[in-house]
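Visitor: Attaching a single structure in structure tokens format; questions to follow.
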Amino acid sequence: MSKISIFWFRRDLRLHDNAGLYHALKKGMPVLPIFIFDKNILDKLADKRDRRVEFIHQALTEIQASLKELGSSLLVKYGTPEEVFPELLNQYDIASIFTNHDYELYANERDESVREFVTSENIDFNTYKDQVIFEKKEVLSGTGTPYTVFTPYSRKWKEKLNDFYLKSYPTEKYFKHFFQTQPFEFPTLASMGFEAIGTNFPTKVLRDSIVKNYAEKRDFPAIVGTSRLSVHLRFGTLSIRELARKAKTLSETWLNELIWRDFYFNILYNFPHISQGHAFRKDYDKIIWRNNETEFKAWCEGKTGYPIVDAGMRELNATGFMHNRVRMIVASFLTKHLLINWRWGEAYFAQKLLDFDFAANNGGWQWASGSGCDAAPYFRVFNPTLQTQKFDKNLEYIKKWVPELNSFDYPQPIVNHDVARKRVLPVYQKALKEI
Ligand code: FAD
């Protein structure tokens with residue numbers, strides 16, 4: 001049995017321009033690509049009709065088809081990494097394992113435990129930056145500290161950027177190094193206890209026209225004015241380097257969105273307390289929320305009587321997507337109008353969003369509730385009616401998701417805007433000791 005390398009796919013579900021895969025293939029030993037449907041994660045998913053699991057399964061099927069043409073195959077396992085690696089060590093003579101960095105809390109713990117196990121078996125464990133342009137402590141302020149405000153972070157990010165960071169990893173050069181084998185059998189969704197939904201996933205193509213007109217069109221939920229590529233960035237079916245290269249030539253505004261993504265990964269890495277359930281600014285942990293469960297249910301179901309909020313929640317429930325402008329409105333509404341802990345909203349989004357990503361989701365929720373880095377000041381309470389007038393003035397988006405808008409079936413507002421505004425400010429002020 002000859003020695004092989006393993007490449008472990010996680011949030012990087014593509015064969016092209018993949019840093020860890022490139023290094024694995026370049027090393028020259030046959031590379032066996034693997035993916036683990038991690039029971040530690042899947043067991044926690046309450047809904048067995050989960051679009052993310054379906055998306056991953058589909059992406060793996062595409063990889064499998066490409067590998068088949070190369071005489072290779074993806075080995076897909078269903079289990080925990082702690083179970084799977086010892087099994088692989090029994091089956092193959094493994095010299096090295098290659099994978100890409102993952103910055104979330106569970107992923108770090110998982111990787112450390114796999115690293116510890118395999119290195120004790122004299123196998124090296126090599127990890128690479130792949131899902132961001134700059135990671136960890138690559139973008140620091142002049143005094144060597146991580147940035148907590150977006151604008152100076154993005155300025156430094158742009159200063160640091162050069163062709164080296166945007167260059168693709170030419171994996172194709174070494175495709176001949178994939179381990180040659182008959183195709184392995186894939187676990188089906190049903191065999192893992194999941195059900196296919198038949199979701200129509202956003203296409204993997206970045207349209208130049210979208211990027212070029214992004215600055216003018218990005219805020220209107222009734223039109224497709226944003227890329228809808230978030231799920232592909234989340235699972236790495238597209239390369240961030242490829243997108244950033246395009247953004248650089250086509251639209252600074254869109255490039256800034258990709259930088260926001262890096263920014264939140266930077267916060268996740270440098271401020272681990274946000275992964276422990278804490279507010280970024282710890283004083284905000286002292287807010288006494290109302291946490292009314294009936295109102296939370298109305299928010300989740302899109303029955304608050306505020307059409308723009310309800311449209312957003314119904315879009316989320318029906319498709320797994322919500323436009324960014326509307327995410328900001330519904331998040332502000334939950335925390336400020338209803339005074340419900342942002343963590344409830346964060347958890348609901350985590351369950352429903354196809355593009356759910358801890359760093360961006362936590363960042364977005366804390367931004368809306370005022371407790372995050374570079375957040376909207378707490379006393380800014382979005383007015384859903386004014387937001388509608390500005391961003392959906394012909395009610396096109398609203399009518400699509402709330403067709404019963406003008407009928408008796410539509411509920412009365414769950415709370416009056418002015419009353420809610422007067423209620424929330426002293427609660428925040430008290431927590432922040434301003435009164
Ligand atoms: P585009 O507008 O085309 O932007 C391009 C890409 O940039 C996106 O695909 C995304 O990867 C990135 N991006 C854009 N805006 C942001 C942002 N504010 N923060 C971080 N990255 C950004 N985005 C997620 O990817 N996952 C989440 O779980 C998530 N949760 C959010 C929760 C709240 C409360 C809010 C306000 C925002 C959240 N966002 C999240 C950010 C943003 O809403 C989505 O990235 C965006 O709507 C996706 O649509 P798009 O692909 O068309 O984005």
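Visitor: Somewhere in segment 146-157, is a residue away from the ligand (no atom under 16 Å from the Cβ), touching a residue at least 60 places away in the same chain (Cβ under 8 Å), part of a loop (DSSP other than H, G, I, E, B) and surrounded by 13 or more Cβ atoms within 10 Å (Cβ to Cβ)?
Guide: So the first thing to find is which residues in segment 146-157 are away from the ligand (no atom under 16 Å from the Cβ), and the list is 146, 152, 155-156.
Next cut, touching a residue at least 60 places away in the same chain (Cβ under 8 Å) only: 146.
Pick out the ones that are also part of a loop (DSSP other than H, G, I, E, B) and you get none.
Checked against the condition, which is being away from the ligand (no atom under 16 Å from the Cβ), touching a residue at least 60 places away in the same chain (Cβ under 8 Å), part of a loop (DSSP other than H, G, I, E, B) and surrounded by 13 or more Cβ atoms within 10 Å (Cβ to Cβ), segment 146-157 yields no hits at all.
Visitor: Scan segment 217-227 and tell me whether some residue there is within 12 Å of the ligand (Cβ to nearest atom) and acidic (Asp, Glu).
Guide: Checked against the condition, which is being within 12 Å of the ligand (Cβ to nearest atom) and acidic (Asp, Glu), segment 217-227 yields at least one hit.
Visitor: Of the conditions (1) more than 10 Å from the ligand (Cβ to nearest atom); (2) modelled with pLDDT of 95 or more; (3) surrounded by 22 or more Cβ atoms within 10 Å (Cβ to Cβ), Tyr378 fails just one. Which one is it?
Guide: (2)
Visitor: Every residue in segment 337-364 that is in contact with a Leu (Cβ under 6 Å, 6 or more places away or on another chain) and over 11 Å from Phe296 (Cα atoms), please.
Guide: First pass over segment 337-364, keeping only residues in contact with a Leu (Cβ under 6 Å, 6 or more places away or on another chain): 340, 345, 352, 359.
Passing the criteria: Lys352, Ala359.
Visitor: May I pose another question? If you scan segment 110-127, which residues turn out to be free of Cβ contacts under 8 Å to residues at least 40 places away in the same chain and either open to solvent by 70 Å² or more (accessible area, probe 1.4 Å) or assigned to a helix (DSSP H, G or I) (or both)?
Guide: First, pick out the residues of segment 110-127 that are free of Cβ contacts under 8 Å to residues at least 40 places away in the same chain: 111-125.
Hits for segment 110-127 are Asp111, Glu112, Ser113, Val114, Arg115, Glu116, Phe117, Val118, Thr119, Ser120, Glu121, Asn122.
Visitor: Are any of the residues in segment 196-208 more than 10 Å from the ligand (Cβ to nearest atom), part of a helix (DSSP H, G or I) and open to solvent by less than 60 Å² (accessible area, probe 1.4 Å)? Before you say what the answer is, go through the steps one by one.
Guide: Step one: of segment 196-208, the residues more than 10 Å from the ligand (Cβ to nearest atom) are 196-201, 203-205, 207-208.
Filter again for part of a helix (DSSP H, G or I), leaving 208.
Those still in the list that are open to solvent by less than 60 Å² (accessible area, probe 1.4 Å) too: none.
No: zero hits.
Visitor: Something else: Residues being modelled with pLDDT under 95 and under 31 Å from the mean Cα position of the chain (by Cα): count how many of those fall in segment 415-435.
Guide: Within segment 415-435, residues that are modelled with pLDDT under 95 and under 31 Å from the mean Cα position of the chain (by Cα) number 2.
Visitor: Only one of (1) open to solvent by less than 40 Å² (accessible area, probe 1.4 Å); (2) over 25 Å from Lys156 (Cα atoms) is not met by Glu216, so which one is it?
Guide: (1)
Visitor: For Glu434, are the conditions met, namely being free of Cβ contacts under 8 Å to residues at least 40 places away in the same chain and more than 14 Å from the ligand (Cβ to nearest atom)?
Guide: Considered against the rule, which asks whether it is free of Cβ contacts under 8 Å to residues at least 40 places away in the same chain and more than 14 Å from the ligand (Cβ to nearest atom), Glu434 comes out as yes.
Visitor: Take Val132 and tell me if it is part of a loop (DSSP other than H, G, I, E, B), open to solvent by 50 Å² or more (accessible area, probe 1.4 Å) and either aliphatic (A, V, I, L, M) or in contact with a strand residue (DSSP E or B) (Cβ under 7 Å, 6 or more places away or on another chain) (or both). Give the steps one after another, and end with the answer.
Guide: On the way: part of a loop (DSSP other than H, G, I, E, B): yes; open to solvent by 50 Å² or more (accessible area, probe 1.4 Å): no; either aliphatic (A, V, I, L, M) or in contact with a strand residue (DSSP E or B) (Cβ under 7 Å, 6 or more places away or on another chain) (or both): yes.
The answer is no for Val132.
Visitor: In this structure, does Val211 turn out to be open to solvent by less than 10 Å² (accessible area, probe 1.4 Å) and touching a Pro at 6+ places or on another chain (Cβ under 8 Å)?
Guide: Details: open to solvent by less than 10 Å² (accessible area, probe 1.4 Å): yes; touching a Pro at 6+ places or on another chain (Cβ under 8 Å): no.
When the stated conditions are applied, Val211 does not pass them.
Visitor: Residue pairs, Cβ under 6 Å, 6 or more apart or interchain, first in segment 231-250 and without any contact (Cβ under 8 Å) to a residue 12 or more places away in the chain, second more than 8 Å from the ligand (Cβ to nearest atom). List them.
Guide: Short answer, once both residue conditions are applied: none.
Visitor: Still on this structure, I have one more. On the given criteria, is Ile41 under 26 Å from Gly193 (Cβ atoms), open to solvent by 30 Å² or more (accessible area, probe 1.4 Å), in contact (Cβ under 8 Å) with a residue 12 or more places away in the chain and not aromatic (Phe, Trp, Tyr)? Lay out the reasoning, then the answer.
Guide: On the way: under 26 Å from Gly193 (Cβ atoms): yes; open to solvent by 30 Å² or more (accessible area, probe 1.4 Å): yes; in contact (Cβ under 8 Å) with a residue 12 or more places away in the chain: yes; not aromatic (Phe, Trp, Tyr): yes.
When the stated conditions are applied, Ile41 passes them.
Visitor: Only one residue in Pro146, Pro170 is more than 29 Å from Ile308 (Cβ to Cβ) and in contact with a strand residue (DSSP E or B) (Cβ under 8 Å, 6 or more places away or on another chain), so which one is that?
Guide: Details: Pro170 fails: in contact with a strand residue (DSSP E or B) (Cβ under 8 Å, 6 or more places away or on another chain).
The conditions single out Pro146.
Visitor: Can Ala360 be described as closer than 22 Å to Asp310 by Cβ, near the ligand (Cβ under 9 Å from one of its atoms), of a type in the set (A, V, I, L, M) and open to solvent by 10 Å² or more (accessible area, probe 1.4 Å)? It would help to see each step written out before you state the result.
Guide: Working: closer than 22 Å to Asp310 by Cβ: no; near the ligand (Cβ under 9 Å from one of its atoms): yes; of a type in the set (A, V, I, L, M): yes; open to solvent by 10 Å² or more (accessible area, probe 1.4 Å): yes.
No; evaluated as a whole, the condition is false for this residue.
Visitor: Which condition does Glu257 not pass, out of (1) open to solvent by less than 10 Å² (accessible area, probe 1.4 Å); (2) within 11 Å of the ligand (Cβ to nearest atom); (3) touching a Lys or Arg at 6+ places or on another chain (Cβ under 9 Å), if it passes all the others?
Guide: (1)
Visitor: Of the conditions (1) within 14 Å of the ligand (Cβ to nearest atom); (2) within 30 Å of Ile197 (Cα to Cα); (3) among the hydroxyl-bearing types (Ser, Thr, Tyr), Thr335 fails just one. Which one is it?
Guide: Of the numbered conditions (1) within 14 Å of the ligand (Cβ to nearest atom); (2) within 30 Å of Ile197 (Cα to Cα); (3) among the hydroxyl-bearing types (Ser, Thr, Tyr), the odd one out for Thr335 is (2).
Visitor: When you check Arg234 against the structure, is it among the charged types (D, E, K, R), open to solvent by less than 60 Å² (accessible area, probe 1.4 Å) and either near the ligand (Cβ under 8 Å from one of its atoms) or at pLDDT 95 or above (or both), yes or no?
Guide: Numbers: among the charged types (D, E, K, R): yes; open to solvent by less than 60 Å² (accessible area, probe 1.4 Å): yes; either near the ligand (Cβ under 8 Å from one of its atoms) or at pLDDT 95 or above (or both): yes.
Spelling it out, Arg234 is indeed among the charged types (D, E, K, R), open to solvent by less than 60 Å² (accessible area, probe 1.4 Å) and either near the ligand (Cβ under 8 Å from one of its atoms) or at pLDDT 95 or above (or both).
Visitor: Would you be able to say whether some residue in segment 237-248 is surrounded by 20 or more Cβ atoms within 10 Å (Cβ to Cβ), under 26 Å from Thr319 (Cα atoms), more than 8 Å from the ligand (Cβ to nearest atom) and of a type in the set (Gly, Ala, Ser)?
Guide: yes
The values are calculated or read from the model by the stated rules, or taken from the named source; none is laboratory data. Remember, it's a predicted structure, so these values are computed and weren't measured experimentally. With ideal geometry, Cβ positions are generated from the backbone for all residues, glycine too; neighbour counts draw on all protein chains shown. Surface accessibility is based on the protein's heavy atoms, side chains included, excluding ligands, DNA and RNA. Shrake-Rupley method; radii C 1.70, N 1.55, O 1.52, S 1.80 Å.
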